[in-house]
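The values are calculated or read from the model by the stated rules, or taken from the named source; none is laboratory data. Since the model is a prediction, treat every value here as computed from it, not as a measurement. Note that each Cβ is placed from the backbone with ideal geometry, even for glycine, and that neighbours are counted across all protein chains shown. Only protein heavy atoms, including side chains, enter the accessible area calculation; ligands, DNA and RNA are left aside. Shrake-Rupley method; radii C 1.70, N 1.55, O 1.52, S 1.80 Å.
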Amino acid sequence: MPYIRGVLFVLVALIVTIPRELPAQAITAKVVGTVTDPSGAAVQGATVTIRHIQTNQARTTQSNDTGNYEFAFLPVGTFRLAVQFAGFQRAEVAEFTLNVDQVARVDVQLKVGEISETVSVEATTVVLQTEGASVGTVIDSQKVLELPLNGRSFVQLALLTPGVNPGTPGSITVRRNRGAVGQQVGMAANGARDTQNRFYYDGIEAMDLDSYSFSFSPSIDAIQEFKVETSTYSAEIGGSPGGQVNLTTKSGTTQLHGRAWEFNRNDAFTALGPFQPYSKTAKPPRLNRNQFGANLGGPVVLPKLYDGKEKTFFFFNWESGRQIAGSFGGTGFLPPTSYRGGDFSSAAVAITDPVTGQRFPNNVIPANRIRNYARKFMDFVPQPNTSEPSINFRGVPAAAPITQDQYTARVDHRFSAHNSLYGSYAFNSQADNSVPIFGFDTRGNATRAQHATLTDMHIFSPSVVNEVRLGWNRFFEHEFFGTTNKPELDIGNIIGIPGLSTLPQNYGPPTFSGAGYDFPSVRTNGPRDRLNQLWQGGDNLSIRKGTHSFKVGGLVARRNWTFDQSPNPRGVFTYDGRTVSGGAAPVREHGFAAFLLGLATRGEVATDLFSRRQNQWVHAYYFADDWKVHPNLSLNLGVRYEYFSPPVQRGPATNFDLNG
């Protein structure tokens, strides 16, 4: 097929309550209800006012001919609701909290009396989540801030959701270290793979398209709350069969608030490692993790210039992390000193000259037969420093540093009672490295993620509300080795192997396989640079008509991603000890002798940079109708269409050379 079509489906849910709307990118809440008189008859034209406590901003609507009212696209937070109508007492609903993606039902029965009289109504019905068939859990601000977390990664809290389990150990989602300060975290929902989730920050997708996980872990102190949906999604849900995680950032309030913190974990309270040799002076691997930051939020007030106390609000959050995770040192089995000069006289096996087929005299390879590359490479191989079973080398204890710096900002502005706008921006920089065995054989990653959103909400009438959202997400990862950009560690070219890469990012040692002993090495391919970027625009229109609550919307997104890497820039050379074993079963001494003599049986080098440049368009459109057939009978109806264009490749898709 010339293109890939998304899933087209109709969702019909039969439930004994009012339906609930659950958009995949929903970061707001909704209140619905019915106004009745003492006899239970619907009251048309009652004035209903809802007020957001944190910002003191209010919205007003009127009940329709069936007594129903609706407030769509409300911010999360605490609210009060009041209802009044001529001939009845004014009803005030006590404070209640709305969570992200919640549809709360608040029914109000008016009492006969003067409108100047007020009667208080408890908001007990708000906590009952009976508005839909979708399955999910809201992690509210109290849980986000107060539950203890080892590492402060929000996805750890997602594991509180029924049906959500940790990501598979060793999977690409977990090992990409996307958690706070490089934590290895992930999640899998209801048996789906841990690569089948979608993460949205303030309504815009925030994904690393290599690991198919979130591109960065927002600071716990910048999160208002988030919701994890796991199954029976509405027509607004799409893009992935796993969990849908919708996260909303904090916003400012009418009062100026700030907070500062530091969390520390260190080896003073840590036991010895499970494989660490015990001695009276043994200490646990070094660990010192510091996570510190501050935030500030409130109204935008510029003395004598602008007073936005109930119109414009700001919030800024900064958090940094520094971790040193030590190791008791790597181990290896290195060639003995005498072997390096070709002297195998102490070996229990014979080294056969492949030219004559006879054993070398005294089991010593003549100096003029040892290849120059092998002699020079030994300058980069340390001498044995211990004598233990199976090893003769212990690396110096070293630390694997991780750094993270993150900044989040948000501004909310209300132009009028009918129009409001907010925007948010987050920047995250993170770098990690591994613990070396030989000093320079490390592999690290430096990432930079940026995320921006802009959302406009317009009330055309009490029953028609529209939301427009634009967003951008960019994730870049740079991989580096301990040899990258260091001329003194351009080992492949220093030892004289021809045809290897001369690019500074590809400096490092060749890989010698089958040479009998452990040699310093880095990964055979790379290092790499990769990027994925998303531009997204969408619109959601909510219409209340009689017993129907319609919602229609869609989004258009453009993804692009790049990948740059040399497949095998330093070369891989394989040796077979049978070339010098004289027909005997080869052992490690034979492999090393073949290395000294230059008897490689296989060699691979691919220095050309493999550069991938791809882009793709994504379209998604839906229509939903939540129909109240009867006070205790509702239908959720919906249809959704998705289109994923085939990726367009710019540049070569392969480095295969027909003339090679």
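Considering only region 486-512, how many residues are open to solvent by less than 20 Å² (accessible area, probe 1.4 Å) and of a type in the set (D, E)?
Summing the residues that are open to solvent by less than 20 Å² (accessible area, probe 1.4 Å) and of a type in the set (D, E) in region 486-512 gives 0.
Here are some residues: A374, A409, A347, A400. Which one is in a strand (DSSP E or B), of a type outside the set (V, I, T) and more than 30 Å from A452 (Cβ to Cβ)?
Only one candidate passes the filter, namely A400.
Please determine, by comparing only the residues of region 395-446 that are touching a Leu at 6+ places or on another chain (Cβ under 6 Å) and not hydrophobic (A, V, I, L, M, F, W, C), which one is surrounded by the most Cβ atoms within 10 Å (Cβ to Cβ).
The residue in question is G423.
Return the pair list, or none, for Cβ contacts closer than 6 Å from residues in region 386-403 that are charged (D, E, K, R) to residues that are surrounded by 14 or more Cβ atoms within 10 Å (Cβ to Cβ) and assigned to a strand (DSSP E or B), at least 6 apart or on different chains.
Taking only residues 6 or more apart or on different chains, the pairs are R394/T331.
So which of S234, S215 is under 26 Å from P75 (Cβ atoms) and open to solvent by 10 Å² or more (accessible area, probe 1.4 Å)?
S234
Tell me which residues, restricted to region 549-596, are of a type in the set (D, E) and touching a residue at least 60 places away in the same chain (Cβ under 8 Å).
Residues satisfying the conditions are D576, E589.
Quick one: which strands (runs of 3 or more DSSP E) sit completely within region 512-626 and have at least 1 residues that are within 30 Å of P335 (Cβ to Cβ)?
568-575, 600-606
Looking at (1) in contact with a helix residue (DSSP H, G or I) (Cβ under 9 Å, 6 or more places away or on another chain); (2) open to solvent by 50 Å² or more (accessible area, probe 1.4 Å); (3) under 30 Å from T337 (Cα atoms), find the lone condition where A515 falls short.
Every listed condition holds for A515 apart from (2).
Go through region 167-185 and give me each residue that's in contact (Cβ under 8 Å) with a residue 24 or more places away in the chain, touching a helix residue (DSSP H, G or I) at 6+ places or on another chain (Cβ under 8 Å) and open to solvent by 40 Å² or more (accessible area, probe 1.4 Å).
Matches in region 167-185: T168 only.
Yes/no matrix, rows are residues, columns are (1) open to solvent by less than 60 Å² (accessible area, probe 1.4 Å); (2) over 27 Å from T137 (Cα atoms); (3) of a type outside the set (S, T, N, Q):
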| residue | (1), (2), (3) |
| --- | --- |
| E225 | yes, no, yes |
| G242 | yes, no, yes |
| P274 | no, yes, yes |
| S279 | yes, yes, no |
| R286 | no, yes, yes |
| L296 | no, yes, yes |
| D307 | no, yes, yes |
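Residues checked against (1) assigned to a strand (DSSP E or B); (2) within 28 Å of R152 (Cβ to Cβ); (3) in contact with a Leu (Cβ under 7 Å, 6 or more places away or on another chain):
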{"residue": "L247", "(1), (2), (3)": "yes, yes, no"}
{"residue": "L272", "(1), (2), (3)": "no, yes, no"}
{"residue": "P299", "(1), (2), (3)": "yes, no, no"}
{"residue": "K304", "(1), (2), (3)": "no, no, no"}
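Specify the residue that is farthest from Q536 (Cα to Cα); the eligible residues are those in region 437-465 that are touching a residue at least 12 places away in the same chain (Cβ under 8 Å) and hydroxyl-bearing (S, T, Y).
T442
Going through R602, R559, R578 one at a time, which residue ends up being among the charged types (D, E, K, R) and under 30 Å from T502 (Cβ atoms)?
R602
Being of a type in the set (S, T, Y), without any contact (Cβ under 8 Å) to a residue 40 or more places away in the chain and assigned to a loop (DSSP other than H, G, I, E, B) narrows it down to one of S501, S434, so name that one.
Answer to the check: S434.
In region 549-578, which residue that is open to solvent by 50 Å² or more (accessible area, probe 1.4 Å) and not charged (D, E, K, R) is nearest to the chain's Cα centre (by Cα)?
So, considering only residues that are open to solvent by 50 Å² or more (accessible area, probe 1.4 Å) and not charged (D, E, K, R), the one nearest to the chain's Cα centre (by Cα) is V556.
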